[in-house]
Each structure stands twice: as C-alpha cells, then as structure tokens.
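Every number here is computed from the coordinates shown, using simple stated rules; none is lab data. The structure displayed is predicted, hence computed values, not measured ones. With ideal geometry, Cβ positions are generated from the backbone for all residues, glycine too; neighbour counts draw on all protein chains shown.
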Ligand code: B12
C-alpha cells in the first residue's frame, strides 16, 4: 500500500493527493496503480463515515478529489481510444445510486479496449436501461451498484429485460463493491466483478 497517498486521501488533503499522484506518475506508476491506491483511501474515508467521524460533506469532498485526479492529463492519457470498434456497451449506475467513479473508470477502460460506450449516467431506471438497449443494440450491458440498496433496482432491471424478451440479446456484467457474488447468481447476471481489468477481460471474451 502507498501509505502516503492513501493517508492523504483519508485526510481529504487535496493538495497533497495531487502532488503525490503527479510524483508517482512521473516515477512511472500507471493510472491503474493510482486508481487502486486512491480507492484504498476512499475505503478509509468510508470507514470514518461509518464511525461517525466523517459526514456526507466529507464523502462529497472525497468524490471531488477522486474526480479531479481522473481529470489529470497524465491519467487520461493512460486511456487512449482506438478508432476501430469491437462492440457496444451500455453502462449505467442502477436506480437509487449516485456513485459513479468506478463506473466512469470502467467506461474509460472499455473505450480504451475498443468498445463503443453508451453511458447512461447515474440513477438509471430499469425502463431507461431497456430504452437504451433498444436504441443502441449493445452486445453488453454493464451495471454499477455501489449501495447495497441498489440490488433491488438491479434485480428489477434484469426482470424487466426478461419480461420484454431482451435478456437473451445481451450479456450483463455487474460491478460495485456492495453486491455479493451469491446475490448476483440469484439475480441472473452473466458476470460479476469489482476488479476492473478482469471486467474488461470478461467483456472482451464476449465479443
Ligand atoms: C465518494 C462516496 C460518495 C459520493 C460519491 C461521489 C461520486 N460521484 O461517485 C457521494 C457523496 C455522492 C456519496 C453519497 C452517499 N454515500 Co457514499 N461513498 C463514497 C465513498 C467514500 C467512495 C466511493 C468511491 O468512489 N470509491 C472509489 C471507486 C473507484 O470505487 P467503486 O465505485 O466502489 O468502484 C470500484 C468497484 O466497485 C468497481 N466497479 C464499480 N462499478 C462497476 C461497474 C462494473 C460493470 C464493473 C465491472 C466494476 C465496477 O470498480 C471500482 C474499482 O474497484 C464510499 C466508501 C467506499 N468504501 O467505497 C462511500 C459509500 C459507498 N457510501 C455510502 C453511503 C451510505 C452513502 C449515502 C447513503 C450517504 C448518505 N447518508 O446520504 C449517499 C448515497 C447517495 C446515493 N443515493 O447514491 C456507503 C454505502 C454503504 C452500503 N453498503 O450501501 C459507503 C460504502 C460508505 C460507508 N462505508 O458507509 N458517497
């Protein structure tokens, strides 16, 4: 673990986070390393929130810090986009859930792997997922659910896909830390992972 970086994120010390990230990138560490270490810091922010030491404003600040890091040119250049497309992915965060950092990183990685990515944003209803699938005719639907309560709307989305006869036309991959593998089996998605490179590999294996 990169103690300095993780600690700076935990302390919501935006200036130090940026300085350390730039230092690590210049030292040759890649965007994936940065993303993993900043995520570890976010986990610590989450723990402090659970313990009542941090409040919602701190979660907001943590999100802002992560998003600013992802906007650095050095981070973006790690995700170059090839011109030839190998398939289409519709991606979105499930209804009731506003967390989008993991989803956005996964979307960038899919683009970089050659996918055309249709990003529906956050709080996406089952109906909006279905409408987008009808319009974009994707090979894959990627759903992000960070909140445990998102499981309910993810279930409703898969159920609606079944009801309108679209479930067999697409592969569904689910990601997000608050979803357990057993719950995913019950819902009936094709794959589940919180590991982004593994998620990209799974999507590549489907096209
Ligand atoms: C920042 C943050 C916020 C920000 C989010 C900003 C944003 N734009 O995303 C804001 C302020 C909006 C927020 C709000 C809330 N949050 Co919040 N938040 C966090 C925090 C600190 C970091 C989340 C994060 O970005 N992590 C870094 C990214 C990279 O990780 P990630 O999104 O999980 O993605 C990873 C994987 O899950 C995976 N992944 C994600 N999506 C997908 C999709 C696919 C297809 C694949 C393959 C992979 C994948 O890829 C990433 C790499 O590992 C977490 C703590 C934590 N441990 O994560 C709490 C946390 C998620 N929040 C929590 C809570 C409770 C809330 C609130 C309910 C608080 C409140 N009382 O209002 C609200 C809910 C609002 C809503 N309706 O969504 C809880 C959730 C508990 C639970 N089990 O449900 C957590 C765990 C904090 C805690 N420990 O209590 N939050």
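What to note about this one:
- In nm, spacing of pseudo-spin labels at residue 112 and residue 74 (7 Å Cα→C-beta vector): 1.5
- When only Cα pairs below 8 angstrom with a gap of at least 6 residues are kept, the chain shows a relative contact order of 16 percent.
- At 0.890 mPa s and 25 °C, Stokes diffusion of the chain via Kirkwood alpha-carbon radius, µm² per second: 138
- Once C-alpha pairs closer than 8 Å and six or more residues apart are averaged by separation and normalised to the residue number of the stretch 87-206, the relative contact order reads 27 percent.
- Fewest-first sequence of 141, 89, 64, 122 by Cβ atoms within 10 Å of each Cβ: 64, 122, 89, 141
- Ellipticity estimate at 222 nm from DSSP helix runs (n ≥ 4, -39,500 (n - 2.57)) divided over the chain, nearest 500: -17000 deg cm²/dmol
- Relative contact order of the stretch 3-76, pairs being alpha-carbon contacts under 8 Å that are 6 or more residues apart, as %: 36
- Fully extending the segment from residue 49 to residue 86, taken as 0.36 nm per residue of separation minus the present Cα-Cα distance, adds 9.2 nm.
- Residue 58-residue 1 FRET efficiency (beta carbon distance; Förster radius 25 Å; 0.05 resolution): 0.75
- Compactness of the stretch 43-117 as Cα Rg over 2.2 N^0.38 Å, two decimals: 1.36
- Mean projected area in nm² (Cα convex hull; one quarter of hull surface) for the stretch 3-76: 4.3
- Between the beta carbons of residue 162 and residue 67, assuming R0 = 30 Å, the FRET efficiency works out to 0.30 to the nearest 0.05.
- 14 Å cut-off, amide nitrogen to a point 7 angstrom out along residue 149 Cα→Cβ, residues in the stretch 68-101: 94-99
- Semi-axes of the equivalent ellipsoid for the stretch 87-206, Cα gyration tensor, largest first, Å: 18, 16, 14
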